[in-house]
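Presented below is the structure to which this report refers.
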Amino acid sequence: MSAACYGVMAEFGSAEALLSAVRAARESGYRRLEAYTPFSVEGLAEALELPPSRIPLITLIGGIVGGAGAFFLQWYTAVIDYPINSGGRPLNSWPMFIPATFELAVLGAALAAFGGLLVLNGLPRLRHSVFDTPDFDMASRNRFFLCVRSSDAQFDVARTSEWLRELGPLRVVTTPAEAHG
Amino acid sequence: MSAEAAGVVRGAGSTAPVLAGRYSYGSITDKIADIVLEHRSGPAFWIALGIAAAFTLLFLVAVTYLFVTGVGIWGVDQPVAWAFALTNFVWWVGIGHAGTFISAILLLVRQKWRTSINRFAEAMTIFAVAMAGLMPILHLGRPWFFYWLIPYPDVMNVWPQWRSPLVWDIFAISTYIIVSILFWYMGLMPDLATLRDRARKRWQQVTYGLLALGWRGEARHWQRFDSAYLLMAGLATPLVISVHSVVSLDFAIGNVPGWHSTIFPPYFVAGALFSGFAMALTIAIPMRSIFSLQDFITPKHLSNMAKVMLACGLIVTYSYAVELFDAAYGDDPYEKFAMTNRMFGPYGWIYWTVLLCNVAIPQLIWSGRVRNSPGALLAIAIVINIGMWLERFMIIVVSLHRDFLPSSWGSFVPTFWDWATLFGSLGTFALFFLLFVRFLPAISMSEMRRLNEEARGIDR
Amino acid sequence: MLDVPPLIDRRAFMKLMSAALALSGAACSRKPLEPIVPYARAPEMQHGEAALFFATALTRGGYAHGVLVESHQGRPTKIEGNPFHPASLGSTGPLEQGRVLELWDPDRSRAVLMHETVSSLQTLQAELGARLAVLKKMQGAGLHVLTGAMSSPTFQRQWQGVRAMYPDARLHHYEPVSRDSVHAGAREAFGRALEPIFHFDRARIVVALDADFLGSLPGHVRYARDFASQRRPESVPAARMSRLYAAECMPTITGAAADERRATRAGDIEALARQIESALSFRSRSSDRWIAAAVSDLSVHRGESLVVVGEGQPPAVHAIAHRINQQLGNVGRTVDFIVPPIGDPSDGDSFADLVRAMQAGQIDTLLILDSNPVYDAPIDLGFGAALSRVKLSLHAGLYVDETARAVRWHVPLAHELEQWSDARAFDGTVTIQQPLIAPLYGGHDRHEVLSLLTPGAELRGYSGVRETWQAEFGVDAFESRWQESLRSGVVAGTAAAFESLSSLEARPATRGAVARSPESNELELHFAPDPTVWDGRYANVAWLQELPKPLTQLTWDNAAFMSLRMAQSLKVTNEDVVEIAVGDRTVEAPVWIVPGHADRAVTLHLGGGRRSCGEVGERRGVDAYALRTLAAPCFLSGMRIQSVGKRFPLATVQPHHRMEGREPVRTVSVRELARNPHAAKRDSDARHPSLYPDYQYNGHAWGMSIDLNACIGCGACTIACQAENNIPTVGKEEVRRGREMHWIRVDRYEAGALDAPRTAFQPVPCMQCERAPCEVVCPVEASVHDAEGINVQVYNRCVGTRFCSNNCPYKVRRFNFLSYVRDEPSLNAQRNPEVTVRMRGVMEKCNYCLQRIVRARIASERENRPIQDGEVLTACQAACPTQAIVFGDLNDPKSAVREAKNSPRDYVLLGELNTRPRTSYLAKVTNPHDESTES
């Protein structure tokens, strides 16, 4: 049974309600928790004790690759591959190479940040079990959902649902697992 | 009880509200989403759309004729080899800058009032930069070879000439438009998800569903979203400054008297924000009434934008003064002459008009009454738009028409096609913008909900 | 407002198709049937089999200018001067350069016409034959031939043949710009018509009275060379440098070259001449500064001074000049006299007689040969009307011109580059004209045409000319001398002998009509040949129409030229239209103010307002002939003028003429230079420091030096470059937009007062900067440096951002804003196959005639020797009459260009910008009478 369902979903009307529910769940030992909110709720990540995001590192790497690549490209083409006297300037007129280098560094970083966001979030993913949750379309409007995943050690559909109801959500429902095949 | 609960958000250090009226997550979402989903728009919208479409058509005709015949259809000549196209280019890029300033820099400095205007400001940026990006391509003698400025291993075994500011332009402008689009789209994802969930019509559900990329609003996503969004803002901030600096180098690197000056980068950036905020106001004021967004875009926003505009105007004024000082204090007879010619030469009237539009009239903004009157602000903003276009025309054309050798002095007379290209690009910009407001949320719903979070609104 | 290039209309289409047809049949490379002989000693740039050179001559007003014609696969593409020819010495004027385009002109006449409808030579011969039979019985009475001035011995011989058949037949000559008064003046002074030959290389003092000897007199190219030779500080000591006094109405390049110029109405010249004469003979000192100065200089330079009078002045003035020269002992030293090469006009019957006979209906058959009297005859003769009373009128000309449309029969004439003939230079030297190509448009040469009158005794060009010279050379020596004459372009020993001094006893002044007093308040109307389209005959040559006319910088139009004061008194300014009235005849013309033009006078250039000559030339400017009478061919007084409140746009290439204190042209007086050889140097000349290391040019390092002291501003360089480098013309509207394409332009600056300006010319090609501002800003490496330091433009890489042009402080770059190349088969055939034809949207500019450098390199490598100095001549350099342009290798310490750049007069344009130009200038040197008038 538990294998057949994705988790148990509790729907709340406000961010506070959700936050306190999350804290309660953590205290009572639930670990595989997911929270769905219509906007980025202050403190939610802390409450869920999420690890820090790796986006900044990815962005930094993207920026370095973009900038270094740009400067190398300019140096290689102007000095090695196609050296030619242009206006009596030295072949390696590096000060003139800086603007393109800077721009490409920014471009690299931005692409990395955006790409990182999609990849880490596993997007695009149009089909997902949580969408089958009743009322879930309100998650992007004004409802706040806490989901205890079936993979959680303490998870048991009946008991977990019961426990959640004690937190005073608007409702508690079971999210079925993704239909295979 | 929910009515009492619902509150009014006030901007930092001010009593004027940045969100008027009482709203909850739901009602904010519905109000903004319905503009897109329900398609209730008055005649004003359709008239605007019709005019914009007409000028877009003119633009297409002008461009087609240009490609068939050559840049000779414009007034460009020797010595004035650059004129309207480059003026439009600098002007459009500048307009783009306000959008990035609002969405990125104001985010970094945590200005609440940015929330309800950053979305359409970013859209303005994208469309303006798109218009700008077209201009240098149109003005080429052989536009179909524009991609030769991009480095790629070609059969000629030749590479771009990296010392040319035009190559820097290519990188600056393309980076700028790509980053702007990513930044904009990233912010849109949660809202697209909202539209997906709220849509009744099938095609809307499918379209917005695809565009939302399956956004679920999960806590981890929001965490990464926040850090990526902040980083984007951090990247866009130096970028926006670099872009118009590079644009200014198109001239400062050149040796034409009136171009060859070190003050150009800051001067151009300030000018860019100046004209950009003018355009933002020019758009915001009609838009808020057409789509009745007065509650979201409040007088507070207008007056704040006006203040930034005034500040930029003062920097621009300072730059004008420094240009004169340099010429007067410096020992370059050509520079001296360029400035005298700018003021009293055949195109002198442009200089004085520029001072009127960009220096004199903006001072009205010091008055609170003017700041709080949308009508007055709109008028001033339009004047500044014109003034800033003329300023770029002055810098480009008036400097070129009399340079070093008196034997090569000439003049510039625009043709019908010059004007067609300018107003055509305005029409195309307007068309894009109207369609954007019609099909995408002009105000960020997720950020408005977050803003409203402070109002603790709950509805049942 | 919309700059749409004219779409190809029906007419243009028909032209194109007919041109295609005319040329389709092996046309372009059609070799002449008879053997033609390449030029003897190949000029250096001739190496490489692609181009062959042939010596021949081009005539204007009968006077021959020896040229070498460059021919690619049988296609004449470019005119060069013939170093062996006395009138050329290797150089040409602008007009000669234009003649190759005239040859290929698709608008040229292509068919025999009867009343403007296509007919055939056979039909003509049939009709003519019948008439001639009748005429023969009447001893040829009523048979008349009208030609322009002719110096061809063969033509004269052929005419004798005609006279033998028709004893009473008559030959008339008419030239709109004629030498008649020169010859008449000699007759007045010496009792017989003579042609003066000037030796400017021996004259220390030259007084030019309305005489444009640098720009228009026969032999002017040679004269310019001689004149310049006496003004080089490097070779002529300061004390010996020649001084030029010029008095003229309309500023000419001669006046611009003068050290002492005086704006004098043409009608006041005679009085001026008389004053000089009396001041000289009675040692009286004139109150007039100019006269006093001239007289004092003349009197102390006996035997090495010279008074020259222009052909526009009446005989009396010439007589005065002859007497003065005689009195000063200049005759035989600085001026000699020969029998007129074009024959004595009094031998032929006058043109006026002809027209009177026509009116009287006494003319039965009239052959008009290469002349266009319906357009250019004195208006009061009423030639057009008289023509209708001629029973059979026959016209042969290059174009279906005004006359061709008025006559019964028209025959297309062969171009001078398509015919066998011969012609005399200003000094009598004969050149045998050989065809470069068989007639393109089925034209018949003038001998064939004249032969139409002598059926059965036709004279063919080739055989005819050979017969003429067989008599001269003698049978045995003939072939070798014939070959040699063709090869060298001159017939040795044919220069006319100078008249012996004893035979030149000047007669005392005939108390002729006393000249008008200078105070005369009557307004003067002055006619002068146009500097580019001459008397109108070159109106359809686009190069010449678009060549900026010296001193006005106008293109495509002539105008009513006047002084600023005159314009102010009329309350008009440039481009305002005025009505000029003489008697009951009026002409409307746009005003153009010319600083230095004489007050109370207006100058109209001839050659405008063509009504029929072709697409290019029709309705350009105003027709001055409408006011020109037999009595007053060059100037008349009593003109009325008024503004008509209209405006007419004119196209000038240079709207601004002051230097604004920037001194692009540096001028020093010869005395300053004597005191301080570095007088032309400025502080800004010091080599400026640079952040960048210098590039090393180990092979050749090409450079150019332009001597502003030698430059006379004629514009030959501009058009020579246009011909060499396939530079398109853009048309009046585009010139008005400032889009002319000339790679080397001649700037004109005026300093000083507007009524007596000091004019300076400055040819400006690309400076080939070593720190080229254009290259740094080119995003696609279309503008780069080559290994020999030439700033090259890679057309097929250029995308047309035009940043290079903005960044060029010299504005020498030219952009193809539209498709300017006229794609017509015949015009394509003219183009230089060694130079790319540029498409719309690319930048172009001078590249030191790279193709010529390559040609020389190939030759030197084949012969496995270095390129010698002077082996590469750029097109502008080769054409320049005064050799003002020197080009060569800066790495060669002995090269001429190196030497030129070592002169203390050497300076670079805008040196303070540190662009390090390869092209530099030599300062202009003036030699005024006294310090007070120095710059």
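Quick test for you: out of C:Leu68, C:Leu52, pick the one residue that is buried (at least 21 other Cβ atoms within 10 Å of the Cβ), more than 14 Å from chain B (Cβ to nearest Cβ) and at pLDDT 55 or above.
Values: C:Leu52 fails: buried (at least 21 other Cβ atoms within 10 Å of the Cβ).
Residue meeting the stated conditions: C:Leu68.
Looking only at the range B:145-155, filter to residues that are touching a helix residue (DSSP H, G or I) at 6+ places or on another chain (Cβ under 8 Å), more than 10 Å from chain A (Cβ to nearest Cβ) and assigned to a loop (DSSP other than H, G, I, E, B); which one of those is nearest to A:Gln74 (Cα to Cα)?
In the first step, residues of the range B:145-155 are kept if they are touching a helix residue (DSSP H, G or I) at 6+ places or on another chain (Cβ under 8 Å); the result is B:146, B:148-151, B:154.
Subset that is more than 10 Å from chain A (Cβ to nearest Cβ): B:146, B:148-150, B:154.
Remaining after also requiring assigned to a loop (DSSP other than H, G, I, E, B): B:150, B:154.
Working: B:Ile150: 12, B:Asp154: 15 Å.
Looking at residues that are touching a helix residue (DSSP H, G or I) at 6+ places or on another chain (Cβ under 8 Å), more than 10 Å from chain A (Cβ to nearest Cβ) and assigned to a loop (DSSP other than H, G, I, E, B), I get B:Ile150.
What pairs come up if the first residue lies in the range C:804-832 and is within 19 Å of C:Val541 (Cα to Cα), the second is outside any strand (DSSP E or B) and of a type in the set (Val, Ile, Thr), and their beta carbons are under 6 Å apart, counting only those six or more places apart or on different chains?
That search, which allows pairs on different chains as well, returns C:Tyr820/C:Val730; C:Val821/C:Val837.
Which ones in the range C:235-263 are β-branched (Val, Ile, Thr) and under 19 Å from the mean Cα position of the chain (by Cα)? Lay out the reasoning, then the answer.
Of the range C:235-263, the ones β-branched (Val, Ile, Thr) are C:236, C:252-254.
Matches in the range C:235-263: C:Thr252, C:Ile253, C:Thr254.
Which is out of contact with any Phe, Trp or Tyr (no Cβ under 8 Å at 6 or more places or on another chain), touching a residue at least 12 places away in the same chain (Cβ under 8 Å) and more than 10 Å from chain B (Cβ to nearest Cβ), of C:Gln768, C:Gln793?
C:Gln793
In this structure, does A:Arg125 turn out to be facing chain B (nearest Cβ under 7 Å) and of a type in the set (Lys, Arg)? Write out each step before concluding.
Working: facing chain B (nearest Cβ under 7 Å): yes; of a type in the set (Lys, Arg): yes.
Spelling it out, A:Arg125 is indeed facing chain B (nearest Cβ under 7 Å) and of a type in the set (Lys, Arg).
Restricting attention to the range C:709-724, does a residue exist that is more than 23 Å from C:Ala878 (Cα to Cα), touching a His at 6+ places or on another chain (Cβ under 9 Å) and assigned to a loop (DSSP other than H, G, I, E, B)? Can you show your working first?
Applying the first criterion (more than 23 Å from C:Ala878 (Cα to Cα)) to the range C:709-724 yields none.
Within the range C:709-724 (the criterion being more than 23 Å from C:Ala878 (Cα to Cα), touching a His at 6+ places or on another chain (Cβ under 9 Å) and assigned to a loop (DSSP other than H, G, I, E, B)), the answer is no, since none of the residues qualifies.
Which one of these is within 22 Å of C:Trp420 (Cβ to Cβ) and in a loop (DSSP other than H, G, I, E, B): C:Ala111, C:Ala87, C:Ala55? Working first, answer last.
Working: C:Ala111 fails: within 22 Å of C:Trp420 (Cβ to Cβ); C:Ala55 fails: in a loop (DSSP other than H, G, I, E, B).
Being within 22 Å of C:Trp420 (Cβ to Cβ) and in a loop (DSSP other than H, G, I, E, B) holds for just one of C:Ala111, C:Ala87, C:Ala55, which is C:Ala87.
Could you count how many residues in the range A:114-155 are of a type in the set (Gly, Ala, Ser), assigned to a helix (DSSP H, G or I) and more than 20 Å from B:Glu447 (Cα to Cα)? Outline the logic, then answer.
Applying the first criterion (of a type in the set (Gly, Ala, Ser)) to the range A:114-155 yields A:115-116, A:122, A:129, A:139-140, A:150-151, A:153.
Next, only the ones that are assigned to a helix (DSSP H, G or I) stay: A:115-116, A:129, A:139-140.
Within this subset, residues satisfying the condition of being more than 20 Å from B:Glu447 (Cα to Cα) are A:115-116, A:129.
Residues flagged as of a type in the set (Gly, Ala, Ser), assigned to a helix (DSSP H, G or I) and more than 20 Å from B:Glu447 (Cα to Cα) within the range A:114-155 amount to 3.
Here is a list of conditions, (1) among the basic types (Lys, Arg); (2) more than 30 Å from C:Ile437 (Cα to Cα); (3) in contact with a Gly (Cβ under 8 Å, 6 or more places away or on another chain), and C:Arg855 meets all of them except one; can you say which number that is?
(2)
Checking the conditions here, which among C:Tyr810, C:Tyr820 is in a loop (DSSP other than H, G, I, E, B), within 26 Å of C:Asp747 (Cβ to Cβ) and at pLDDT 95 or above? Before the answer, list the steps.
Numbers: C:Tyr820 fails: at pLDDT 95 or above.
When all the criteria are applied, what remains is C:Tyr810.
Taking the conditions exactly as written (surrounded by fewer than 23 Cβ atoms within 10 Å (Cβ to Cβ) and not charged (D, E, K, R)), does C:Tyr692 satisfy them or not?
Numbers: surrounded by fewer than 23 Cβ atoms within 10 Å (Cβ to Cβ): yes; not charged (D, E, K, R): yes.
In short, yes.
Which one of A:Pro83, A:Pro90 is more than 21 Å from B:Asp250 (Cα to Cα) and out of contact with any Asp or Glu (no Cβ under 9 Å at 6 or more places or on another chain)? Lay out the reasoning, then the answer.
On the way: A:Pro90 fails: more than 21 Å from B:Asp250 (Cα to Cα).
Answer to the selection: A:Pro83.
To keep it simple, each residue is scored yes or no on (1) crowded, with 17+ Cβ neighbours inside 10 Å; (2) not in a helix (DSSP H, G or I).
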| position | (1), (2) |
| --- | --- |
| A:Val79 | no, no |
| A:Pro83 | no, yes |
| A:Met96 | yes, no |
| A:Ala110 | yes, no |
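Regarding the range B:91-106, can at least one residue be identified that is surrounded by fewer than 24 Cβ atoms within 10 Å (Cβ to Cβ) and not in a loop (DSSP other than H, G, I, E, B)?
yes
Pull out all pairs, ordered by first then second residue, where Cβ-Cβ is under 8 Å, the residues are six or more apart or on different chains, the first lies in the range B:320-339 and is away from chain C (no Cβ under 13 Å) and closer than 14 Å to B:Val398 by Cβ, and the second is aliphatic (A, V, I, L, M) and not in a helix (DSSP H, G or I).
What qualifies is B:Glu323/B:Ile263.
Only one of (1) within 14 Å of the chain's Cα centre (by Cα); (2) surrounded by fewer than 21 Cβ atoms within 10 Å (Cβ to Cβ); (3) of a type in the set (Asp, Glu) fails for C:Glu96. Which number is that?
Tallying (1) within 14 Å of the chain's Cα centre (by Cα); (2) surrounded by fewer than 21 Cβ atoms within 10 Å (Cβ to Cβ); (3) of a type in the set (Asp, Glu), C:Glu96 fails exactly one: (2).
What number goes with the only condition from (1) in a helix (DSSP H, G or I); (2) facing chain B (nearest Cβ under 9 Å) that A:Ile64 does not pass?
(2)
Does C:Arg274 qualify as being touching a Cys at 6+ places or on another chain (Cβ under 7 Å) and among the charged types (D, E, K, R)?
Against the criterion (touching a Cys at 6+ places or on another chain (Cβ under 7 Å) and among the charged types (D, E, K, R)), C:Arg274 does not qualify.
Considering the range C:860-912 alone, what residues qualify as being of a type in the set (Asp, Glu), outside any loop (DSSP other than H, G, I, E, B) and within 32 Å of the chain's Cα centre (by Cα)? First the steps, then the outcome.
As a first pass, look at the range C:860-912 and keep what is of a type in the set (Asp, Glu): C:861, C:863, C:869, C:871, C:889, C:892, C:899, C:906, C:912.
Keeping just the survivors that are outside any loop (DSSP other than H, G, I, E, B) gives C:861, C:889, C:899, C:906, C:912.
Passing the criteria: C:Asp889, C:Glu899, C:Asp906.
May I ask you to verify whether C:Val182 is under 22 Å from the mean Cα position of the chain (by Cα), among the hydrophobic types (A, V, I, L, M, F, W, C) and part of a helix (DSSP H, G or I)?
Working: under 22 Å from the mean Cα position of the chain (by Cα): yes; among the hydrophobic types (A, V, I, L, M, F, W, C): yes; part of a helix (DSSP H, G or I): yes.
Yes; evaluated as a whole, the condition is true for this residue.
List the helices (runs of 4 or more DSSP H) inside the range B:334-401, counting only whole elements, that have at least 3 residues being under 21 Å from B:Ala252 (Cβ atoms). Give the derivation first.
Numbers: elements: B:348-355, B:368-371, B:374-393.
Where helices (runs of 4 or more DSSP H) fall fully within the range B:334-401 and carry at least 3 residues being under 21 Å from B:Ala252 (Cβ atoms), they are B:348-355, B:374-393.
Here is a list of conditions, (1) crowded, with 17+ Cβ neighbours inside 10 Å; (2) more than 14 Å from chain B (Cβ to nearest Cβ); (3) closer than 22 Å to C:Val908 by Cα, and C:Gln654 meets all of them except one; can you say which number that is?
Unmet condition: (2).
Quick one: which helices (runs of 4 or more DSSP H) lie wholly within the range B:165-276 and hold at least 3 residues that are buried (at least 21 other Cβ atoms within 10 Å of the Cβ) and more than 7 Å from chain A (Cβ to nearest Cβ)?
On the way: elements: B:165-198, B:202-212, B:219-252.
Ranges flagged: B:165-198, B:219-252.
Quick check on the range B:150-163. Is at least one of its residues touching a Ser or Thr at 6+ places or on another chain (Cβ under 9 Å), within 26 Å of B:Ser446 (Cβ to Cβ) and surrounded by 23 or more Cβ atoms within 10 Å (Cβ to Cβ)?
Checking the range B:150-163: not a single residue is touching a Ser or Thr at 6+ places or on another chain (Cβ under 9 Å), within 26 Å of B:Ser446 (Cβ to Cβ) and surrounded by 23 or more Cβ atoms within 10 Å (Cβ to Cβ).
List pairs: first in the range C:320-338 and closer than 16 Å to C:Ile269 by Cβ, second among the basic types (Lys, Arg), Cβ under 8 Å, 6+ apart or cross-chain?
Between residues of the range C:320-338 that are closer than 16 Å to C:Ile269 by Cβ and residues that are among the basic types (Lys, Arg), the close pairs are C:Ile320/C:Arg274.
Filter the range A:128-146 down to residues that are touching a Lys or Arg at 6+ places or on another chain (Cβ under 9 Å) and at the interface with chain B (Cβ under 9 Å from one of its Cβ atoms), then give me how many there are.
Kept after step one, since they are touching a Lys or Arg at 6+ places or on another chain (Cβ under 9 Å), are these residues of the range A:128-146: A:128, A:130-131, A:134-137, A:139-142.
Retained after the next criterion (residues that are at the interface with chain B (Cβ under 9 Å from one of its Cβ atoms)): A:128, A:130-131, A:136-137, A:139-142.
Number satisfying all stated conditions: 9.
Name the residue that is farthest from the other protein chains (Cβ to nearest Cβ), counting only residues in the range C:806-819 that are surrounded by fewer than 23 Cβ atoms within 10 Å (Cβ to Cβ) and over 14 Å from B:Pro257 (Cβ atoms).
Filtering the range C:806-819 for residues that are surrounded by fewer than 23 Cβ atoms within 10 Å (Cβ to Cβ) and over 14 Å from B:Pro257 (Cβ atoms), the one farthest from the other protein chains (Cβ to nearest Cβ) comes out as C:Ser819.
The values are calculated or read from the model by the stated rules, or taken from the named source; none is laboratory data. Since the structure is predicted, the reported quantities are computational estimates derived from the model, not experimental observations. Note that we place each Cβ from the backbone using ideal geometry, even for glycine, and neighbour counts take in every protein chain shown.
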